[in-house]
Amino acid sequence: MSLFSPRRYQAPFKPYRREESAPIRLFTSFEQVTKSALFGCRMCGNCILQETAFVCPMTCPKGLRNGLCGGATPEACEVDPTRPCTWYMIYERAEKLGREDRLLEINAPLDGSRVGNETWLDVGRLWRAQEERLNPLDFVRDKEKFSRSWDELFLNARQPDWWQGDSEYHPPAYTEPLSLLEANLRTGVFTTTAEIAPPLDASFAIEDRKVCCLQDYVVAANFTDSASATPRMSSMAASVHSLQEGLEPVMQLQARDRTRVAIASEAMGAAGLGIHNLLCLSGDHHSAGIGPMAKPDQFDLDAVQMLWILRRMRDEGIYLDGRKIKARPQWFLGTAASPFGAPPKYEAIRMHKKVNAGAQFVQTQPVFDHDRFLEWLEALDKRDLLDKVYILAGIIPLKSARAAHFMAEEVAGVYIPPEIVKRMDDAGDDKVAQQETGVAIALEIIEKLKNTAGINGMHVMAVHWEEIVPRLIDESGVPRPVIKDLAELKAVVA
C-alpha cells in the first residue's frame, strides 16, 4: 500500500526496449522504488499527479486517466470490490485541497515508447529549456512567478506535442447538421432514439424485424458494441445494414477491446460507409463478460480521450500522429452518462470533460427516479453545460419483476427506487400484468421528462422488447421524427 494512492491493481510497466545505459537503469530503479512507496507508481511515463490531487490514476483497474467509470461507488471499485475506487479518492482529495478545476484538463493516453522509463530526467531537461526557469527561491521572493513557472514546467511534462489537451470547450467546427439525429435535435422538438442489440449470428433476419418496427417512430437506433464484454455481430456491420434498410444508426464504439489505432481506423471506416452518429464509450470491464475472461489489460483509451481524438480528426483534419486528412470524416459525436452512479457533483465533472473533449449529445442510463435525475441536471447546469450538449434521458420499460430486481441489485450505475420494484412485485405472477405495470411506469417517467427543462429527448432501451416502443411513443404523445431527410431541415426551421 502506498502513502497517497490505493494499492496497484497491476504491476509496474516494463519498457518495451532495454535501456543500454547502466546509470540510467539504476536511476530509473531508484525513481520507481521512491514513487511506488509514495503513489503506487506503475511507471507509466506520463505522470499527471498534479492534475489528480497526487493520487495515481494508474492504480485504477481500467487505467482511466480522465475520471471515474459508470459503475464506481463510494464503497469499492467496480472491478475489484476489495479495493477502494481510485477516482473517488481523487475527487475527494481534490475537493479538500481546492483543486477541482485541475480535474478538467484532458489527460493524454500513454505513449508506449515511454512506459517503464524514468520521468524525472525528462522534467530536468524541460526545466533547463524554460525561458522563465523555475527557481525555488522565488517561492519566497515572488510566489506569482514561481507558480507561473511551476505550472508551465509540468504542463509541458504531462501534455506532449502530439496531444496538447486542455480544459477548454471546443465547439464543433461546422454549421450544417451531419445526420438526421443532429438535424432533429436542432429543431428543438422532443427527439427519440432506441437501441438494438446486433444479431448473435450471421443472419440479419431479427434485426430487419426490429428495424421495421422502429423506423417510423424513432430518429435513429443505437447498435451496441459487444456490451458486457460479450461478443455479437459488430456494431459497424449492424449499423451499415440498418442504414441500408432505412433507419439511421448510432454506432457504438467502445475502447475496451481496441487500441487507439483500431479506434481511429474503425471510426474512419464508419464515416466512409455513411455512418455519421458515433457513441463513444470506455466500455464494460472484461470481467463483465460470460467467460472465459479476456486478459484484463488496462484500456488504451477512455471515452474522453476517444472524443478528443475523433473531434480533432473531424475539425482539424489530423490523426493523432499528425498526419493530415484530406477528406475529413463527418461525425456527430455522442457519449453516455450515469446520473445515478457517483454523486452529481462528481458525475458533472466527468460530463464537463466529455463535452469539452467533443461530446455533442449524451444518452443516459435509465431514469427511474426523476428527482435524483434533476439533481444531476442541476449539477450540469451549474457548469453551464446544458446549452452545449443535447441530452437524451434513458428509458427502460420493465418487462418483469425479475428484470426489475436484477437491474436494481446487479447493474452498476442503475438506480430503481424500492417503491417501483414493489409495484412490479405487486403485479403478481401474471406475465402480462407485469408487462403492463412496466409500461405504466415508463409512461409516467416519460410524462415527467417531456416537461423537464434541459432535456432534448429520450433514448428507449427496450432490448429484446422493441415492439413496445411504438406503443410508448403513441401513448405518451411524444412526436415522431420531424425530419426524415436532411433536405427538410431548412423548411422545418423556417
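Here are some notes:
- Among the residues of the range 259-275, just one is in contact with a Ser or Thr (Cβ under 9 Å, 6 or more places away or on another chain), of a type outside the set (Gly, Ala, Ser) and part of a helix (DSSP H, G or I), namely 266.
- Selection from the range 356-387 of residues that are part of a loop (DSSP other than H, G, I, E, B) and in contact with a Ser or Thr (Cβ under 6 Å, 6 or more places away or on another chain): 359
- Any hit, the range 109-126, residues being among the hydroxyl-bearing types (Ser, Thr, Tyr), over 30 Å from residue 241 (Cα atoms) and touching a Leu at 6+ places or on another chain (Cβ under 7 Å): no
- Members of the range 63-107 that are of a type in the set (D, E, K, R), surrounded by fewer than 20 Cβ atoms within 10 Å (Cβ to Cβ) and closer than 19 Å to residue 10 by Cβ: 80, 83
- Within the span defined as the range 31-48, one or more residues are in a loop (DSSP other than H, G, I, E, B), within 21 Å of residue 351 (Cα to Cα), under 29 Å from the mean Cα position of the chain (by Cα) and not hydroxyl-bearing (Ser, Thr, Tyr).
- The set of residues in the range 290-304 being touching a helix residue (DSSP H, G or I) at 6+ places or on another chain (Cβ under 7 Å) and at pLDDT 80 or above consists of 293, 294, 300, 301, 303, 304.
- For residue 423: the one exception among (1) out of contact with any strand residue (DSSP E or B) (no Cβ under 8 Å at 6 or more places or on another chain); (2) within 25 Å of residue 228 (Cβ to Cβ); (3) in a helix (DSSP H, G or I): (2)
Yes/no per residue for (1) within 20 Å of residue 273 (Cα to Cα); (2) in contact with a Lys or Arg (Cβ under 8 Å, 6 or more places away or on another chain); (3) surrounded by fewer than 16 Cβ atoms within 10 Å (Cβ to Cβ); (4) assigned by TED's automatic domain parsing to the domain that holds residue 379:
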{"residue": "286", "(1), (2), (3), (4)": "no, yes, no, yes"}
{"residue": "309", "(1), (2), (3), (4)": "yes, yes, no, yes"}
{"residue": "317", "(1), (2), (3), (4)": "yes, yes, yes, yes"}
{"residue": "325", "(1), (2), (3), (4)": "yes, no, yes, yes"}
{"residue": "340", "(1), (2), (3), (4)": "no, yes, no, yes"}
{"residue": "350", "(1), (2), (3), (4)": "no, no, no, yes"}
{"residue": "353", "(1), (2), (3), (4)": "no, no, no, yes"}
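- Residue ID - nearest to residue 476 (Cα to Cα), chosen from residues in the range 137-196 that are β-branched (Val, Ile, Thr) and assigned to a loop (DSSP other than H, G, I, E, B): 189
- Among the residues of the range 294-306, none qualifies, meaning not one is small (Gly, Ala, Ser), out of contact with any Ser or Thr (no Cβ under 7 Å at 6 or more places or on another chain) and more than 30 Å from residue 13 (Cα to Cα).
- Checked against the criterion of being buried (at least 17 other Cβ atoms within 10 Å of the Cβ) and out of contact with any strand residue (DSSP E or B) (no Cβ under 9 Å at 6 or more places or on another chain), the candidates 359, 393, 404, 440 yield just one match: 404.
- The single condition among (1) over 30 Å from residue 62 (Cα atoms); (2) buried (at least 18 other Cβ atoms within 10 Å of the Cβ); (3) not assigned by TED's automatic domain parsing to the domain that holds residue 346 that residue 110 does not satisfy is (1).
- Of the criteria (1) under 22 Å from the mean Cα position of the chain (by Cα); (2) buried (at least 16 other Cβ atoms within 10 Å of the Cβ); (3) not hydroxyl-bearing (Ser, Thr, Tyr), which one residue 171 fails: (2)
The values are calculated or read from the model by the stated rules, or taken from the named source; none is laboratory data. Remember, predicted model here, so these are calculated numbers, not experimental data. FYI the Cβ positions are ideal-geometry reconstructions off the backbone, even for glycines, and counts take in every protein chain you see.
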